[in-house]
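*Asks:* Below you will find the structure I want to go over with you.
The values are calculated or read from the model by the stated rules, or taken from the named source; none is laboratory data. If you're wondering where the values come from, they're calculated on a predicted model, not measured in any experiment. Using ideal geometry, Cβ is built from the backbone for each residue, glycine included, and neighbour counts are taken over all protein chains shown.
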Amino acid sequence: MNDRQRETPRATEAGFGLIEIAVSMFLLGLLAVALLPFLVQGVTQSAANGTLAAATQLLNKEMENARAQTTCTALTAATFSVVDPRGVTLQVARTVGGACPTSASSYPITVPMAVTVVRTDTGAVLASAKTLIFVAVK
């Protein structure tokens, strides 16, 4: 047989020791602890963006509902609360500016309307919009 295959490895060729592995695990732990605040901030920002998206969808839905109305008397002010998928309560307030004219000759007109979505636990306004709704009849 070949004598070279039977040689034992030298001490310098032994591979990683326990000390090297412990030091590398310590360094990886330090890196993980250093990056932890960024992970927490990302999760928090993601939740806030989800609530903001829900508020924007509610605002758009209310605007579309108002645009679908064909009479001036159908445009009414309202306030209601909705719980988004994350459990945050949002209050939607729809206000209509001005009153409907009684004279039929005053039509068609535009009626100002505003929709605001507020987060009830903090009182922060998440979304707000104003528009003019075209109304052909009373």
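*Asks:* When you scan the range 104-111, do you find a residue that is within 18 Å of Ala78 (Cα to Cα) and out of contact with any Ser or Thr (no Cβ under 6 Å at 6 or more places or on another chain), even just one?
*Replies:* Yes, the range 104-111 contains at least one residue that is within 18 Å of Ala78 (Cα to Cα) and out of contact with any Ser or Thr (no Cβ under 6 Å at 6 or more places or on another chain).
*Asks:* Can you pull out every residue in the range 86-102 that is among the charged types (D, E, K, R) and either surrounded by 13 or more Cβ atoms within 10 Å (Cβ to Cβ) or touching a His at 6+ places or on another chain (Cβ under 8 Å) (or both)?
*Replies:* Across the range 86-102, the qualifying residue is only Arg94.
*Asks:* For the range 121-138, which residues satisfy the criterion of being within 16 Å of the chain's Cα centre (by Cα), loosely packed, with under 14 Cβ neighbours inside 10 Å and touching a residue at least 40 places away in the same chain (Cβ under 8 Å)?
*Replies:* Ser128
*Asks:* So is Ala55 among the aliphatic types (A, V, I, L, M) and either assigned to a loop (DSSP other than H, G, I, E, B) or within 30 Å of Val82 (Cα to Cα) (or both) or not? Give the derivation first.
*Replies:* Values: among the aliphatic types (A, V, I, L, M): yes; either assigned to a loop (DSSP other than H, G, I, E, B) or within 30 Å of Val82 (Cα to Cα) (or both): yes.
So Ala55 fits the description; yes.
*Asks:* Something else about it: Just to be sure I understand the filter: pairs with C-beta atoms under 7 Å, separated by 6 or more residues or on different chains, first member in the range 33-57 and small (Gly, Ala, Ser), second member surrounded by 10 or more Cβ atoms within 10 Å (Cβ to Cβ) and not in a helix (DSSP H, G or I). Which pairs pass?
*Replies:* Going by the 7 Å Cβ cut-off, the qualifying pairs are Ala47/Arg86; Gly50/Arg86; Ala54/Asp84; Ala54/Leu90; Ala55/Leu90; Ala55/Val117; Ala55/Leu126; Ala55/Ala127.
*Asks:* Further question: Which numbered condition trips up Val83, out of (1) in contact with a Ser or Thr (Cβ under 7 Å, 6 or more places away or on another chain); (2) buried (at least 16 other Cβ atoms within 10 Å of the Cβ)?
*Replies:* All conditions pass for Val83, except number (2).
*Asks:* Name, by its number, the condition in (1) hydrophobic (A, V, I, L, M, F, W, C); (2) over 30 Å from Val137 (Cβ atoms); (3) in contact with a Leu (Cβ under 9 Å, 6 or more places away or on another chain); (4) modelled with pLDDT under 85 that does not hold for Cys100.
*Replies:* (2)
*Asks:* Let me ask something additional. Checking the condition part of a strand (DSSP E or B), free of Cβ contacts under 8 Å to residues at least 40 places away in the same chain, touching a Phe, Trp or Tyr at 6+ places or on another chain (Cβ under 7 Å) and not hydroxyl-bearing (Ser, Thr, Tyr), which residue from Val92, Val118, Val111 passes?
*Replies:* Details: Val118 fails: touching a Phe, Trp or Tyr at 6+ places or on another chain (Cβ under 7 Å); Val111 fails: touching a Phe, Trp or Tyr at 6+ places or on another chain (Cβ under 7 Å).
Going through Val92, Val118, Val111 in turn, the sole match is Val92.
*Asks:* For the range 52-68, state whether one or more residues are in contact with a Ser or Thr (Cβ under 9 Å, 6 or more places away or on another chain) and not aliphatic (A, V, I, L, M).
*Replies:* Among the residues of the range 52-68, at least one is in contact with a Ser or Thr (Cβ under 9 Å, 6 or more places away or on another chain) and not aliphatic (A, V, I, L, M), which makes the answer yes.
*Asks:* Right, another one. If we scan the range 121-135, do we find a residue that is touching a helix residue (DSSP H, G or I) at 6+ places or on another chain (Cβ under 8 Å), of a type outside the set (Lys, Arg) and more than 30 Å from Ala47 (Cα to Cα)?
*Replies:* So in the range 121-135, the residues touching a helix residue (DSSP H, G or I) at 6+ places or on another chain (Cβ under 8 Å) come out as 126-129, 131, 133.
Adding the requirement that they be of a type outside the set (Lys, Arg) leaves 126-129, 131, 133.
Narrowing the set further to residues that are more than 30 Å from Ala47 (Cα to Cα) leaves 133.
Yes, because at least one residue in the range 121-135 is touching a helix residue (DSSP H, G or I) at 6+ places or on another chain (Cβ under 8 Å), of a type outside the set (Lys, Arg) and more than 30 Å from Ala47 (Cα to Cα).
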